[in-house]
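Readers should treat all values here as calculations from the given coordinates under stated rules, not as data from a laboratory. Bear in mind that the values here come from a model prediction, so they are computed numbers and not experimental data. No Cβ is skipped: glycine too gets one built from the backbone with ideal geometry, and neighbour counts run over all protein chains shown.
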Amino acid sequence: MITAYDIEIDNQLLDQTLKRMIDSTFKLLPLREEEKEWVKPLKTLKVELLGFANLFPDHPILLQAVTKMEGMSALGNDLEFFEFRRTIFEICGLLAKVKEAIEE
């Protein structure tokens, strides 16, 4: 796949990166449930995902995922766990769609 800088990146590497980002996003669930630090890992993911979105502007779904993460960061623990959980699954679904598009 070609980045915004006209650099070719191997699709397998992108696939692995997205898989890792999906796994890291999903791991936020037990962190929050066990009342462990989840905000810093979320911020790290948000930064990485925003960078990914800038490299691949042809995938606007990435911006949706970043926007959801930003909302989670803004609300912090005020976000009810049910909504937190639902949003985590939505983000993972969005990233999975990008992963599928890259695999095609």
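Compared with the dominant Cα axis of the chain, that is its longest principal axis, helix 81-103 is turned about 10°.
Relative contact order for the chain: 37 percent, from Cα pairs under 8 Å spaced at least 6 residues apart, divided by residue count. Computed over segment 30-83, relative contact order equals 34 percent, with contacts defined as Cα pairs under 8 Å that lie 6+ residues apart. Helix 39-55 and the longest principal axis of the C-alpha atoms of the chain enclose an angle of approximately 20°. Between the helical axis of 11-26 and the longest alpha-carbon principal axis of the chain there is an angle of about 10 degrees. Grab the beta carbon distance between D6 and D58, set R0 = 22 Å, and tell me the FRET efficiency rounded to 0.05. Efficiency, rounded to the nearest 0.05: 0.95.
Only Lys, Arg, Asp and Glu carry charge here, each on its Cβ (+1 for the first two, -1 for the last two); on that basis the chain has a dipole of about 300 debye about its Cα centre. If you compute log10 I(q)/I(0) by the Debye sum over Cα atoms at q = 0.09, 0.15 Å⁻¹ for the structure shown, which of (1) -0.41, -1.05; (2) -0.22, -0.59; (3) -0.34, -0.74 do you land on? Read-out taken from this structure: (2).
Sites listed here are GluC sites (Glu not before Pro) in segment 1-101 whose DSSP assignment is loop and whose Cβ has at most 13 other Cβ atoms within 10 Å: E34, E35, E37, E80. The residues packed around Q12, meaning those with a beta-carbon under 15 Å from its beta-carbon, carry a net charge of -3 if Lys and Arg are +1 and Asp and Glu are -1. Pairs spanning more than 19 Å between alpha-carbon atoms, out of K40/K99; K40/K97; K19/K46; K36/K97; K43/K99; K40/K68: K40/K99; K40/K97; K36/K97; K43/K99.
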